[in-house]
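Just below is one structure, and these are the notes that go with it.
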């Protein structure tokens, strides 16, 4: 079952997120007990982004990471969010409009970003890197559109250590799919959430992958909530 779930095509991933769009924000809050908001806030802080800077949020989804960046760069800055799922982008547009936040939201593929080199000070991706077809190619694209010395920030689920590892593994394997079945009537999508996060490299393994790409001169990692989530901050060559 895991191999089948992880073999999904980009088209299948897009359809899955389109189906999940109406439930996405609420389910994130319920499944993380609200802590995903703190994870994003902390990742923005660690990015070093400042007022007036320009930021690209890849796989922006319903826009929470982009909105968190905008709160830091302010009206004098620029935040652009891209995603390949129009249903998720529409949710992001509604959210930004309600809050009066002028972020730009574009339908685009993270593997072929429609921006020139060195356009942004920072590019980020939150809980999306494990869903792209070619992780390395996505990270190279994110680095390409960032100025030399700028940063790429990745926030992603991982595998915690110690006692928490066993507890979280049970929670993720059994409760998350059941929650998906009961709340969103979509057990398979939440099985994918568990399988993809359980198998995706985290911690030093992901840092090693970033360093091997040859586009970063420094990579730092930060475990959140015992390693349930990880933030990686990489400085572009």
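Observations on the structure shown:
- Test result for residue 145, in contact with a strand residue (DSSP E or B) (Cβ under 6 Å, 6 or more places away or on another chain) and farther than 19 Å from residue 20 by Cβ: yes
- Qualifying residues in segment 69-88 (those that are touching a strand residue (DSSP E or B) at 6+ places or on another chain (Cβ under 7 Å) and part of a loop (DSSP other than H, G, I, E, B)) - the one surrounded by the most Cβ atoms within 10 Å (Cβ to Cβ): 84
- Only one of the numbered conditions (1) within 16 Å of residue 145 (Cβ to Cβ); (2) free of Cβ contacts under 8 Å to residues at least 40 places away in the same chain; (3) in contact with a strand residue (DSSP E or B) (Cβ under 9 Å, 6 or more places away or on another chain) is not met by residue 96, and that is (1).
- Residue check, residue 43 on the phi > 0 side of the Ramachandran plot and crowded, with 20+ Cβ neighbours inside 10 Å: no
- Criterion applied to 216, 224, 179, 183 was being loosely packed, with under 15 Cβ neighbours inside 10 Å and modelled with pLDDT of 90 or more, and the one residue passing it is 183.
- Top-ranked residue of segment 45-68 - restricted to ones that are part of a helix (DSSP H, G or I) and touching a residue at least 40 places away in the same chain (Cβ under 8 Å), ranked as farthest from residue 89 (Cα to Cα): 46
- Where a residue in segment 21-32 is on the phi > 0 side of the Ramachandran plot and free of Cβ contacts under 8 Å to residues at least 40 places away in the same chain and its partner, wherever it lies, is surrounded by fewer than 18 Cβ atoms within 10 Å (Cβ to Cβ) and not in a helix (DSSP H, G or I), with Cβ under 9 Å and at least six apart: none
- Looking at 91, 98, just one residue is closer than 14 Å to residue 17 by Cβ and assigned to a helix (DSSP H, G or I), and that residue is 91.
- Residue selected from segment 103-112 under the condition part of a loop (DSSP other than H, G, I, E, B) and either free of Cβ contacts under 8 Å to residues at least 12 places away in the same chain or within 16 Å of the chain's Cα centre (by Cα) (or both), by the criterion surrounded by the most Cβ atoms within 10 Å (Cβ to Cβ): 110
- Here the helices (runs of 4 or more DSSP H) wholly within segment 122-237 that include at least 2 residues being in contact (Cβ under 8 Å) with a residue 60 or more places away in the chain and more than 25 Å from residue 69 (Cα to Cα) are 163-170, 176-183, 187-199.
- Evaluation of residue 122 against (1) under 19 Å from the mean Cα position of the chain (by Cα); (2) surrounded by fewer than 16 Cβ atoms within 10 Å (Cβ to Cβ) (one fails), failing number: (2)
The values are calculated or read from the model by the stated rules, or taken from the named source; none is laboratory data. Computed from a prediction, not measured in an experiment: that's the story for all the values here. Heads up, the Cβs are rebuilt from the backbone with ideal geometry, glycines too, and the neighbour counts pull from every protein chain shown.
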